[in-house]
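Novice: Can you keep this structure in mind? I'll have questions shortly.
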Amino acid sequence: MKATFQIWRSEPGGAGALESYTTEISEGMVVLDAVHKIQAEQSPDLACRWNCKAGKCGSCSAEINGQPKLMCMTRLNSLDLTQPVTVEPMRAFPIIKDLVTDVSWNFRVKKGLKKFKPRAVRPEEHGTWRMAQRDVDRVQEFRKCIECFLCQDVCHVLRDHGKHEEFIGPRFLLYSAQLEMHPLDTDDRLADLKHKNNIGYCNITKCCTKVCPEHIHITDNAIIPLKERVVDRYYDPVTKLLRMITG
Amino acid sequence: MAAHATYSYDVLIIGAGGAGLRAAIEAAGAGVSVGLICKSLLGKAHTVMAEGGIAAAMAHNDDRDSWKVHFADTMRGGQYVNNWRMAEIHAKEAPDRVRELEAWGAVFDRTPDGRINQRNFGGHRYPRLAHVGDRTGLELIRTLQDHTIYLGVTVHMEYTVIDLILDGGRAAGVLAYDRERARFHVFTAKAIVLATGGVGRAYKVTSNSWEGTGDGHALAYRAGAELIDMEFIQFHPTGMVWPPSVKGILVTEGVRGEGGVLRNSEGRRFMFDDIPDNYKPQTASDPEEGWRYTQGDKSARRPPELLTRDHVSRCINREVKAGRGSPHGGVFLDIAWIKEKISDAEGHIKRKLPSMYHQFKELADLDITREAMEVGPTTHYIMGGIRVNADSQESTIPGLFAAGECAAGINGANRLGGNSLSDLIVFGKRAGEYAAEFAKKNRVTRLDDGAVDRAMKKSLEPFDRGAAGENPYKVQYDLQDTMQALVGIVRTESEMQEALLKIAGFNERAAKVGIDGHREYNAGWHTCIDLRNLLDVSEAIARCAIERRESRGGHFREDYPDKKDEFATVNFGTKRQADGTMTTYRIPLPPIPPELKLIIEEQKQ
Ligand SMILES: Cc1cc2nc3c(=O)[nH]c(=O)nc-3n(C[C@H](O)[C@H](O)[C@H](O)COP(=O)(O)OP(=O)(O)OC[C@H]3O[C@@H](n4cnc5c(N)ncnc54)[C@H](O)[C@@H]3O)c2cc1C
Ligand code: SF4
Ligand code: SF4
Ligand code: FES
């Protein structure tokens, strides 16, 4: 059986366009297999990122028929192959070449966030931190993130409004939540979240949660609780008063 | 021809997997300038794929565990051709390295009393693997990555090192290109750490990503360093076999650790039929005892599915060859059966093995809580690599260090599951520490412009030949087919001699590969460059495998199916000679000190 793919092609610095490739497909193939096949047989300079081919590294993010997805986890039999399948790079980031985008902004954002700062081991813990499984379940959910940046790609604050300089996006709200909720962490990120990272820009559309390949409940479990903490700190009159008194 | 840019560091680290990152942290902590180069984005290295866990004798789940038992297990797993000193350091230091990860933010699964939980794994006597579900590698790499970014280490992502350059016999720098623009970059350094991972891509069926092309092995070899133990490759018993596009992708040993069993097409648990004598005292006598072991019963012994990987792989191979395999040429791995034993089996499986559940559901349309998986051996790990000093990780070239999968010694003939992640952090740390020390003591190096120029020109030759040259992908596929068929799980002299002849032919073809298009992000060109590395490591594997005329650990010879005393005390080394050819020779094992020998003997009971 044959299928047709329309793949975004562009040279560094140049404009781009979708190009059509028809290739033989077989049972069980995913979009990344098709891209590799086209690369090996028709167009060796077709650029794409990938590493694990098993949804574990978050390298192969793309927009397939307009949907942000991992190419390695999108089976061809889940797509309508009577129509050409479009494969495009993530649109919220500058394109380097073909399917490869410049995601370096994400790495810079992370560097600007406060790092993990654990408390000391307590005497009653006998030399090693104690944490109950139920107290780390939530943090472990957040730590499943494979940094595919699909949530960043789909968030309208970044994608449509280009607020990259002001807003850290769902991935890093999640990262902040993971540190804030870490049972051992002692630092405080609420002021940064409110003033520097502009958590307020998020209006809980939940688009990020919908595309997360790790099925992390980004909005419900991370962003909303963080927003609540920020609100408690900055808008609750009683807390505000207390802070004024205690400095 | 001029390079686009030059950089200079005290310590240059090549590779950002667990080993490279841990080395970077240590070197930066020693106050020297550190550069880090990797082929992919930060956090995407192969380490991210590790599933089962990190071995460290913390004795949280069984207080009988200690570094001594871990040491003895590692030596037995390696069939006693390991470097004893590395095995000792590893067993002693792994617990501290794991605790350190927790201090840097890692969140491992917990025991009921709130400590790091440890699970059973093949070849480990007691539950020893610190883990996070079945995504331990992600936890490890993310923790190290998130710690490193605050330390002032300069990271060059999506840069590939092409050649290692010496200055008066000492490691001096490297030539690299960046994927984005395909420009050349020259790096000079006082000390260099190779942490480039494995060589799985030399084979057709592998669990390794495209990065596993043996670059560090080949860079070191071409610069004149010694490699050892190259015949020892680990074929993991459980890779996916269906559908074809996912063939080779790993199914974690954790499935068997949680009670999964192997069956042939007749429904028989064939692993009970072949238990090696030296493992009999520690192996369950019936399925019931095996089940109790997986559920944490300390009086029970492990099921035979958890014997060492080389053995399980060969048993599977035998079942398939005897016509008792599954429809797609594997055997059945069944975890769904545990519903006979526990009430909420479905929830339990999903909780304990979430990414396996996910992987089969999405890639094979199969629900592992209901059906058995089909699995077969896949090329997974190379025990062999760059020969290093056990304490400092320095190679036979001054100023060149190596750590992680590209270094050799700790694993001997076979690596135990979980011993790689711990190896990365134990020896990554040491490599960083000693490289920094070396950098502080030694002068700045100088790179010979002529050598840099020649290396640049050579790497661009495929463009001169254009599309009229050999297709690099085709040569790579042919090499992978050859290694799979002739230097795979079961080996014989005549087949390996044939492989060597073929490799010579591939070398000739590789000298004629051509490529079209622009240089930027050109995967075809990258394949031309990788090919050289794959050919060098493949030849080293075949040559050493021919010389070891016995069967031991990951190396199985049909023509010499037994272990031989003659080979019990040697490693095989390989080195490049002045005329460019490869030589293979015996290196006597360093004698084990009596106190460690005693530990080994005690643990044999
Ligand atoms: C699916 C899977 C599951 C596993 N599970 C476990 C487990 O549960 N427990 C365990 O202990 N082990 C496990 N292993 C083995 C273990 O993951 C690897 O051995 C280990 O991660 C290797 O780490 P490393 O740091 O040596 O190299 P890698 O993580 O492979 O990193 C290599 C680095 O070197 C870079 N590099 C390579 N060549 C070049 C070059 N030419 N120029 C620049 N950079 C270069 C790469 O870009 C990368 O950053 C597993 C392996 C696989 C494949
Ligand atoms: S929920 Fe918030 S962070 Fe997520 S996509 Fe919507 S606006 Fe962006
Ligand atoms: S939160 Fe989900 S979508 Fe966002 S980067 Fe992480 S894994 Fe990807
Ligand atoms: S290749 Fe790793 S997530 Fe797709």
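The values are calculated or read from the model by the stated rules, or taken from the named source; none is laboratory data. Predicted, not measured: the structure shown is a model, and the values here were computed from it. Here Cβ is always computed from backbone atoms with ideal geometry, including for glycine, and neighbour counts include all displayed protein chains. Keep in mind that these areas ignore ligands, DNA and RNA; they rest on the heavy atoms of the full protein, side chains included. Shrake-Rupley method; radii C 1.70, N 1.55, O 1.52, S 1.80 Å.
Novice: Given the conditions (1) within 13 Å of chain A (Cβ to nearest Cβ); (2) of a type outside the set (K, R); (3) closer than 16 Å to B:G384 by Cβ, which single one is not true for B:D536?
Specialist: (1)
Novice: Let me ask something else. When you scan the range B:51-70, do you find a residue that is buried (at least 24 other Cβ atoms within 10 Å of the Cβ) and under 20 Å from B:T196 (Cβ atoms), even just one?
Specialist: Within the range B:51-70, none of the residues are buried (at least 24 other Cβ atoms within 10 Å of the Cβ) and under 20 Å from B:T196 (Cβ atoms).
Novice: What are the pairs with Cβ atoms under 8 angstrom where one residue, in the range A:207-225, is within 14 Å of chain B (Cβ to nearest Cβ) and the other, located anywhere, is open to solvent by less than 30 Å² (accessible area, probe 1.4 Å) and near ligand 2 (Cβ under 10 Å from one of its atoms)? Sequence gap at least six, or different chains.
Specialist: Once the first residue is within 14 Å of chain B (Cβ to nearest Cβ) and sits in the range A:207-225, its partners that are open to solvent by less than 30 Å² (accessible area, probe 1.4 Å) and near ligand 2 (Cβ under 10 Å from one of its atoms) give A:C212/A:C151; A:C212/A:I218; A:I216/A:L174; A:I216/A:A222.
Novice: Consider A:P68 carefully, then state whether it is away from ligand 4 (no atom under 16 Å from the Cβ) and either farther than 26 Å from A:E11 by Cα or open to solvent by 10 Å² or more (accessible area, probe 1.4 Å) (or both).
Specialist: no
Novice: When you go through (1) more than 10 Å from chain A (Cβ to nearest Cβ); (2) at pLDDT 95 or above one by one for B:R142, which number turns out not to apply?
Specialist: (1)
Novice: Any residue at all in the range B:237-259 that's under 30 Å from B:A27 (Cβ atoms) and either open to solvent by less than 10 Å² (accessible area, probe 1.4 Å) or hydrophobic (A, V, I, L, M, F, W, C) (or both)?
Specialist: Checked the range B:237-259: no residue is under 30 Å from B:A27 (Cβ atoms) and either open to solvent by less than 10 Å² (accessible area, probe 1.4 Å) or hydrophobic (A, V, I, L, M, F, W, C) (or both).
Novice: Let me ask something else about it. For the range A:162-206, name all the residues that are within 16 Å of ligand 3 (Cβ to nearest atom) and within 14 Å of another protein chain (Cβ to nearest Cβ).
Specialist: A:R171, A:F172, A:L174, A:Y175, A:S176, A:A177, A:Q178, A:L179, A:E180, A:M181
Novice: Continuing with this model, one more query. Could you list, in sequence order, the residues of the range A:51-92 that are outside any strand (DSSP E or B), away from ligand 3 (no atom under 15 Å from the Cβ) and under 15 Å from A:H36 (Cα atoms)?
Specialist: Across the range A:51-92, the qualifying residues are A:K53, A:L76.
Novice: Further question: For the range B:320-421, which fully contained strands (runs of 3 or more DSSP E) count at least 3 residues that are open to solvent by less than 10 Å² (accessible area, probe 1.4 Å), within 22 Å of B:F270 (Cβ to Cβ) and in contact with a strand residue (DSSP E or B) (Cβ under 6 Å, 6 or more places away or on another chain)?
Specialist: Correct list: B:373-382.
Novice: Right, next: So, of the residues in the range B:101-131 that are touching a residue at least 40 places away in the same chain (Cβ under 8 Å) and closer than 19 Å to A:D185 by Cα, which turns out to be nearest to the other protein chains (Cβ to nearest Cβ)?
Specialist: Checked the range B:101-131; the qualifying residue nearest to the other protein chains (Cβ to nearest Cβ) is B:G105.
Novice: Now for a different question. Can you tell me which residue in the range A:123-157 is modelled with the lowest pLDDT, limited to those that are within 7 Å of another protein chain (Cβ to nearest Cβ) and away from ligand 3 (no atom under 15 Å from the Cβ)?
Specialist: A:T128
Novice: While we're here: Pick from B:G216, B:G200: which is over 21 Å from B:R22 (Cβ atoms), crowded, with 22+ Cβ neighbours inside 10 Å and of a type in the set (G, A, S)?
Specialist: Only one candidate passes the filter, namely B:G200.
Novice: Related question: Just wondering, is there one or more residues in the range A:3-17 that are of a type in the set (F, W, Y), in contact (Cβ under 8 Å) with a residue 60 or more places away in the chain, assigned to a strand (DSSP E or B) and in contact with a Phe, Trp or Tyr (Cβ under 7 Å, 6 or more places away or on another chain)?
Specialist: Yes.
Novice: Consider A:L113 against the criteria (1) more than 17 Å from B:R142 (Cα to Cα); (2) out of contact with any strand residue (DSSP E or B) (no Cβ under 8 Å at 6 or more places or on another chain); (3) open to solvent by less than 20 Å² (accessible area, probe 1.4 Å); (4) not in a helix (DSSP H, G or I): it satisfies all of them except one. Which criterion is unmet?
Specialist: (1)
Novice: I've got another one for you. Looking only at the range A:168-185, decide whether some residue is away from ligand 4 (no atom under 16 Å from the Cβ), more than 18 Å from A:P89 (Cα to Cα) and open to solvent by 40 Å² or more (accessible area, probe 1.4 Å).
Specialist: There is at least one residue in the range A:168-185 that is away from ligand 4 (no atom under 16 Å from the Cβ), more than 18 Å from A:P89 (Cα to Cα) and open to solvent by 40 Å² or more (accessible area, probe 1.4 Å).
Novice: Looking at (1) more than 24 Å from B:W210 (Cβ to Cβ); (2) open to solvent by 60 Å² or more (accessible area, probe 1.4 Å), which one does A:E41 not meet, given that it meets all the others?
Specialist: (1)
Novice: Right, something else. How many residues are more than 7 Å from every other protein chain (Cβ to nearest Cβ) and within 18 Å of B:G524 (Cα to Cα) if we restrict to the range A:26-45?
Specialist: 9
Novice: Taking the range B:548-575 as the region of interest, how many residues are out of contact with any helix residue (DSSP H, G or I) (no Cβ under 6 Å at 6 or more places or on another chain) and either surrounded by fewer than 20 Cβ atoms within 10 Å (Cβ to Cβ) or closer than 15 Å to B:A225 by Cα (or both)?
Specialist: 14
Novice: So which residues in the range A:64-118 are facing chain B (nearest Cβ under 9 Å) and over 26 Å from B:I249 (Cβ atoms)?
Specialist: A:I96, A:K97, A:D102, A:S104, A:F107, A:K110, A:K111, A:K115, A:F116, A:P118
Novice: Could you check how many residues of the range B:494-540 are of a type in the set (D, E), part of a helix (DSSP H, G or I) and out of contact with any Lys or Arg (no Cβ under 9 Å at 6 or more places or on another chain)?
Specialist: Result for the range B:494-540: 4.
Novice: When the residues of the range B:500-519 are narrowed to those that are touching a Phe, Trp or Tyr at 6+ places or on another chain (Cβ under 9 Å) and either open to solvent by less than 60 Å² (accessible area, probe 1.4 Å) or without any contact (Cβ under 8 Å) to a residue 40 or more places away in the chain (or both), which ends up nearest to B:T584 (Cα to Cα)?
Specialist: B:G514
Novice: Any chance the range B:584-599 includes a residue that's modelled with pLDDT under 95 and outside the structural domain of B:V490 (by TED's automatic domain parsing)?
Specialist: yes
Novice: Tell me the residue from B:K429, B:K474, B:K457 that is assigned by TED's automatic domain parsing to the domain that holds B:A45 and surrounded by fewer than 24 Cβ atoms within 10 Å (Cβ to Cβ), please.
Specialist: Of B:K429, B:K474, B:K457, the one residue that is assigned by TED's automatic domain parsing to the domain that holds B:A45 and surrounded by fewer than 24 Cβ atoms within 10 Å (Cβ to Cβ) is B:K429.
Novice: With the structure loaded, tell me whether B:G31 is among the small types (G, A, S), at pLDDT 95 or above and either assigned to a helix (DSSP H, G or I) or buried (at least 24 other Cβ atoms within 10 Å of the Cβ) (or both) or whether it fails that test.
Specialist: No.
Novice: Further, regarding this structure: Kindly evaluate B:G43 against the criterion of being in contact (Cβ under 8 Å) with a residue 60 or more places away in the chain, farther than 17 Å from B:D423 by Cβ, outside any strand (DSSP E or B) and open to solvent by 20 Å² or more (accessible area, probe 1.4 Å).
Specialist: no
Novice: Okay, moving on. Against the conditions (1) assigned to a loop (DSSP other than H, G, I, E, B); (2) open to solvent by less than 60 Å² (accessible area, probe 1.4 Å), where does B:K298 fall short? Just the number, please.
Specialist: (2)
Novice: If you scan the range B:88-139, which residues turn out to be among the basic types (K, R) and open to solvent by less than 10 Å² (accessible area, probe 1.4 Å)?
Specialist: B:R128
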